[in-house]
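Q: Have a look at the structure that comes next, please.
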Amino acid sequence: MTTNETTSDKSTYELLFRNGTVVNHDGVGTPDIAVRNGRIAATGDIDPRRADRVVDCTGLHILPGVIDSQVHFREPGAEHKEDLETGSRAAVMGGVTAVFEMPNTKPTTTSAEALADKIKRARGRMHCDFAFWVGGTRDNVADIPDLERLPGAAGIKVFIGSSTGDLLVEDDAGIAAILGATRRRAAFHAEDEMRLNDRKHLRVPGDAASHPVWRDATAALMATERLVRIARSKGARIHILHISTAEEIAYLADHKDIVTAEATPHHLTLSADDYERLGTKLQMNPPVRDKAHQAGIWQGIANGVIDVLGSDHAPHTLEEKAKPYPESPSGMTGVQTLVPIMLDHVNAGRLSLERFVDLTSAGPARLFGIARKGRIAVGYDADFTIVDLKRRATITNGWIASRAGWTPYDGKRVFGWPVGTVVRGRQVMWEGELAAPSGGEPVLFSEALPRG
Ligand code: DOR
């Protein structure tokens, strides 16, 4: 194999990754990867003497950096649960190189000022690259065309069923107004608020297993159907977050021209059978449901209806989670466990490593128009998730870097483990240790490039 270096062949590289198995959007191979100025400068057969430093990846797989397009990092407003530093530390400890963070903070991220404030807080403190979803509300509709194109904005996010925080636009007119204003793909939490209100009496005090009875599969399907209908009427593209039902997978198969969809590791791994063991720790919106729904979402992984994986990392303290249901908040950690949990599924034969790459790098890049990330190619950011597919390890609360300090997978033995996290050529995590100071930067989007 020859190098495909395009510039002067006399040049040297800062870093060279050798002997790894590279899994890219276009297949599997064993090219060396050379890095200069944070970007991939060459791939192929590269003379190691031209690199300042060589990272030997024998026995390891090098994947394009895993992008988690749904996390809640709680800053500003609820830093006792998480902040941008701790949340992003959890991300890189788990092999994640970029996150899109959600707007249900205090204050909400619903204005240019609030977005600028988050970016300012993130720079120099976050360990991975980042973008922030901007909340769509009835009050900021007129600003949406500007807001969604601000540098650092992932797009517009709308809750049409209430969850943690105050963001909610539940009615058709409100949703239509927002979708009439968006040009980028907007993301939705799809549970039907009216049905949730009608069924609140079905919550059984002290029994988290009643959570999916209250917030049932019909509430999710109704919301998704309404969103598709309104999006179609407005000529808008939408993204449905955390699909939780088999019915939505079947329904969305007929609407892939305008709709993309996310699955979460918890909906693919945990089921209603786990409420007895985990209680309120399993409480999440939309809920973890029975195994038939889990199988339906796996079908969506197999048949391509699901486009991306997101963790929906939603930390709450153990003290908060210990409140009796339904006073307990919904949400669990997930950004750090996404990679090992899904590699375990890869080793169990439930999806291929190539499909994992599609779901976590090429997929988010395609959906959200990420500039310069999402594949291993010359000119792209040198973001890599380096994994040992053969390593067996146990996930424990002690390993969790989130301030919340717990995971629903505590004690779970997995087959496959993240060994290294490389963000724009910086080895930020290696063998479970933070290996570089925080240096996260905003993700660039082709539809919202900064001027000048
Ligand atoms: O369970 C959830 N928790 N679902 C959401 O949509 C929000 C999240 C949170 O922010 O706690």
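The values are calculated or read from the model by the stated rules, or taken from the named source; none is laboratory data. This one's a predicted model, so the numbers in the text were calculated from it and none came from an experiment. FYI the Cβ positions are ideal-geometry reconstructions off the backbone, even for glycines, and counts take in every protein chain you see. What goes into the accessible areas is simple: the full protein's heavy atoms, side chains included, and nothing from ligands, DNA or RNA. Shrake-Rupley method; radii C 1.70, N 1.55, O 1.52, S 1.80 Å.
Q: Using alpha-carbon positions, what is the distance between the centroids of segment 252-277 and segment 381-401, in Å?
A: Their Cα centres are 23 Å away from one another.
Q: Also, I was wondering about something else. Can you give the translational diffusion coefficient of segment 263-388 in µm²/s, computed by Stokes-Einstein from the Kirkwood radius over Cα pairs at 25 °C and 0.890 mPa s?
A: After rounding, the answer is 154 µm²/s.
Q: Heads up, I need the accessible area for TRP133: 1.4 angstrom probe, whole protein in place, Å², nearest 10.
A: In the full protein context, TRP133 sits at about 0 Å².
Q: Against the longest principal axis of the chain, how steep is helix 112-122, in degrees 0 to 90 to the nearest 10, with axes from Cα atoms?
A: Its long axis makes an angle of about 50 degrees.
Q: Further, regarding this structure: Let's test this: bin the Cα-Cα distances of segment 117-168 at 5 Å from zero up to the farthest pair and state each bin's percent.
A: Taking all Cα pairs of segment 117-168, the binned fractions are 4, 18, 23, 22, 18, 11, 3 percent.
Q: Residues in segment 139-172 near a label at ALA371, defined as backbone nitrogen under 18 Å from the 7 Å Cα→Cβ point?
A: Counting backbone N atoms under 18 Å from the label point, the list is 146-156.
Q: By how many degrees, 0 to 90 and rounded to 10, does the Cα axis of helix 217-234 deviate from the longest principal axis of the chain?
A: 70 degrees
Q: Keeping every protein chain present and rolling a 1.4 Å probe, give me the accessible area per residue for the chain in Å².
A: 36 Å²
Q: Any chance you could run the full-extension gain for ASP198 through ASP146? It's 0.36 nm times the residue separation minus the Cα-Cα distance, nm to one decimal.
A: 15.1 nm
Q: What order do LYS120, LYS281 take when sorted by accessible area (1.4 Å probe), most exposed first?
A: Descending order: LYS120, LYS281.
Q: Also, I was wondering about something else. Stokes-Einstein D for segment 303-359 at 25 °C, 0.890 mPa s, Kirkwood Rh over Cα pairs, in µm²/s?
A: The diffusion coefficient I find is 185 µm²/s.
Q: Given 20 °C and 1.002 mPa s, compute D for segment 192-284 with the Stokes-Einstein relation, Rh being the Kirkwood radius over Cα pairs; round to the nearest whole µm²/s.
A: Estimated diffusion coefficient is 148 µm²/s.
Q: Can I ask one more? Pulled fully out, how much extra length does the chain show between ASP45 and LYS256, if you take 0.36 nm times their separation in residues and subtract their Cα-Cα distance?
A: 72.0 nm
Q: With every protein chain in place, what's the accessible area of LYS118 (1.4 Å probe, Å², nearest 10)?
A: 0 Å²
Q: Turning to a different aspect of this structure: Can you give the percent of C-alpha pairs in segment 356-431 whose distance is more than 21 Å?
A: The share of Cα pairs beyond 21 Å in segment 356-431 comes to 43 percent.
Q: Quick one: check the C-alpha center-to-center distance for segment 157-195 versus segment 87-146, whole angstrom.
A: First find each Cα centre; the distance between them is then 18 Å.
Q: Something else about it: Whole number please: convex hull volume per residue of the Cα set in segment 296-452, in Å³?
A: Roughly 162 Å³ of hull volume per residue.
Q: Still on this structure: Using the Cα centre of the chain as the reference point, and only Cβ charges (+1 on K/R, -1 on D/E), how large is the resulting charge dipole? Debye, rounded to the nearest 20.
A: In total the dipole reaches around 520 debye.
Q: Further question on the same structure: Once you have a ≥ b ≥ c as the square roots of the Cα gyration tensor eigenvalues for the chain, tell me rounded if a/c is under 1.5, and otherwise prolate or oblate according to whether a/b is larger than b/c.
A: Judged from the Cα gyration tensor, the chain comes out prolate (a/c at least 1.5, a/b above b/c).
Q: Here is a further query. Per DSSP H run of at least 4 residues, take -39500 (n - 2.57); add these up for the chain, divide by its residues and hand me the 222 nm value, nearest 500 deg cm²/dmol.
A: -7000 deg cm²/dmol
Q: Suppose R0 equals 41 Å. What FRET efficiency, 1/(1 + (r/R0)^6) with r the Cβ-Cβ distance, do ASP166 and SER11 give to the nearest 0.05?
A: Approximately 0.20, to the nearest 0.05.
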